[in-house]
1. Taking the stretch 140-151 as the search range and keeping residues that are buried (at least 23 other Cβ atoms within 10 Å of the Cβ) and of a type in the set (Gly, Ala, Ser), which one is nearest to Gly57 (Cα to Cα)?
2. Taking the conditions exactly as written (of a type outside the set (Asp, Glu), touching a strand residue (DSSP E or B) at 6+ places or on another chain (Cβ under 9 Å) and surrounded by fewer than 22 Cβ atoms within 10 Å (Cβ to Cβ)), does Leu235 satisfy them or not?
3. Any residue at all in the stretch 167-186 that is crowded, with 18+ Cβ neighbours inside 10 Å and within 27 Å of Ile44 (Cβ to Cβ)?
4. What do you reckon, is Asp545 surrounded by fewer than 18 Cβ atoms within 10 Å (Cβ to Cβ) and under 33 Å from the mean Cα position of the chain (by Cα)?
5. Please enumerate the residues belonging to the stretch 246-260 that are touching a residue at least 40 places away in the same chain (Cβ under 8 Å), over 13 Å from Ile116 (Cβ atoms) and part of a helix (DSSP H, G or I).
6. Among Thr93, Thr101, which is crowded, with 19+ Cβ neighbours inside 10 Å and touching a residue at least 40 places away in the same chain (Cβ under 8 Å)?
7. May I ask you to list the residues in the stretch 75-89 that are part of a helix (DSSP H, G or I) and more than 18 Å from Phe31 (Cα to Cα)?
8. Among the candidates Lys374, Lys324, which residue alone is under 30 Å from Ala29 (Cβ atoms) and either without any contact (Cβ under 8 Å) to a residue 12 or more places away in the chain or within 21 Å of the chain's Cα centre (by Cα) (or both)?
Amino acid sequence: MILEKTMAKQTADKLKPKLFSVMKTYTKAQFVKDLVAGVIVAIIALPLSIALALASGVKPEQGLYTAIAAGFLVSLLGGSRVQIAGPTAAFATIVAGIVATDHMEGLVLSTIMAGILLIIMGLCRFGKLLKYIPNTITAGFTFGIAATIVIGQIKDFLGLTFKNAPIETVDKIAEIGRCIGSTNLYALLIGMLSLVIMILWPKKLDKIPSSLIAVLVCSVLVKLTGIHVNTIGDLYTISSAPPKFVMPHVTFARVRAMLPNAFTIAILAAIESLLSCVVSDGMIGSKHRSNMELIGQGVANIGSALFGGIPATGAIARTAANVKNGGRTPIAGIVHSVVLLGILVLLMPYASLIPMPTIAAILFIVAYNMCGWKNIRTMLKTAPKSDIAVLLTAIVLTVVFDLVVAIGAGLVLASLLFIKRMADVTEAHTWTDYDEESDPDNIQHKQIPARTRVYEINGPMFFAASEKYKYMLDDHDYDVLVIRMRDVPAVDAAGVETLAEIVKGCKKNGIRPVFSHVNEQPMHAMEKAGLKQEVGAENFCPHIDKALLRAQELVQSMNSK
C-alpha cells in the first residue's frame, strides 16, 4: 500500500507534459471525440474571449489571441489531460487596472514576469504548497472579483453616458449613481433580452452555447432595427490579423515596478489553474501533474504576452465543457486553439456588430457562475466566526482595494487565527513509562468486525491538513467505515468540508459511516453543517468499543437483506 502511494505521488510530481504520456495509447476513435469537443469548446470560448477582453480594457481580438496562444501551449506542455486555458473573469479587474495605469506595455511585461514566476514555482515543486491558502480566502476574493465585474458592466448594460472615466470600483459606483439619469432604454432592453436567452436557452438545447445565440440574435436585432445601442464597432477598431510577435522594452526599473503585478497574476493563475485541474480530475477519474501544470501555465502566459494577448489560466467552465463533450486528451485543447485561429481570420470583422449590452450580459452570467454564492452561504451558516471574518475581509478588500491587498491581509489574518486555535487546543502532558501497546484503548487490542474498516484521525483538521484524510475511500471493499476522532480537538470549515466529502463518498459506495469519540468542538461544527443528522445520531458513539459494536450491528443488518 505504501509503495503504491509513493509511486502515485512520484507520477503526480513528474515533470512531463500529459500530452506525451497519453499519446502512447492514442486511438482514432478518441481523436474523433477530441475533435468534436475542441470545436464545441472553441464556439463557447469565442464570445467569452471577446467579452473578457473588453472587460479587461483591451481590444476584442486580444481575448482571442490569449485563447489561441495560451490554449495551445497549456495543452502542449501542461500537466492535465483536459485543461482548457484562456482569458478568465478572475483576471479582468487586475488587467484593466494595469492597462489603465501602465498601458499595454506594462501588462505585457507583467505577464511575462508572471510566466517566469510560474515556471520557477513548478520547477521548485510548489504545486502542492498552494493548498495552504485557506478556502475562505479563495472563496472571498473570487466573490469579490465577481462583484467588481458586475459593477464594471453596469454602464454598458444600462447604456449610461459617463462624465468621467473612473478606474477604481468604488469610483465606478459613485459615477453610476451620478449618471443613472442617462439610462438608454434600448440598451437595457437588449441587455435584458440577452440575459433571458442565456438563462432559458440551456433548458431547451444546451449543445449550442447560449452566449453565442444571444450574440447572434441581439446583433441581428440591433442591425435590422437601427436602434441606438452601442456596439463593439462603435467603440473599438476590429482586427482580423493573426497574432504577431511583440517584444516589450525591458529595464530594471520597469521590472521592479511591475513585480507586484506579476506576483498577483502568477498566484491567481496558479490557484485557478490547479483548481480547474482538481475539478476535471474528479470528472474523468484522472490525476493531474500539478508542477508540470504550473510550468505549462508559465510558458503559456509568456507566449500569450509575446503575441499580443493578456494573462491566461485554466478556465473551469470551458474545461468542464470539454469533458462533457468527450474530450479526454490535450488534443482537444489544441483543436480548440486552431479553430479559434480560423474564426479570428475569417469571421472577426462581424464582431463589430455585437451590442455592448450583450457583452455586459455575458459577463453578468460569467460573474454569477464564478461567484460561488452557494459556497459563501454555506460558510456563513456553518463556519466558525473567525473563518467568516477572514471571508468577509477578503471580499471587502478585493472590491474596495485590489487582489494583492485581499490575499495579503487574508493570509495574515488566517495565520493569526490559526496560531490562536493551536494555542487554545494544545496541551502539555507528562507521561511516565508510557507504552502505546499497553494503552487499553489501542486499536490493536480490539476485535474489528468483518467487512469493517477503522481509521483514527490525530490532530486538528485544518485547511492545511484537509487533503490527508481523503484517502479513506481509496478502497471500497468494506461495508462500514469507523472514524475514530478522540485525538481531534478542533476542525475548521475545510475540515468539515472534508468530513462531508467522506460521508458523501460512503453514501455513493454503499458504505455506512460510524464516528467514535467526537470531541465537543468538532461535534458542534458537524451539527451546524448537518452531518450528524445526515449520518444519524445513533452512528455517533462515545467510545471505540461501542462504535465497533454498532459496526457489527450494521454489517449483520446489511448481510441479512
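The values are calculated or read from the model by the stated rules, or taken from the named source; none is laboratory data. Here the structure is a predicted model, which means the values were calculated and not measured. Cβ placement follows ideal geometry from the backbone for every residue including glycine, while neighbour counts extend to all protein chains displayed.
1. Ranking the candidates gives Ala146 first.
2. no
3. no
4. Criteria not met by Asp545.
5. Selection gives Arg254, Ala257, Pro260.
6. None of the others qualify; the one that does is Thr93.
7. Hits for the stretch 75-89 are Leu77, Ala89.
8. Just a single option satisfies the conditions, and that option is Lys324.
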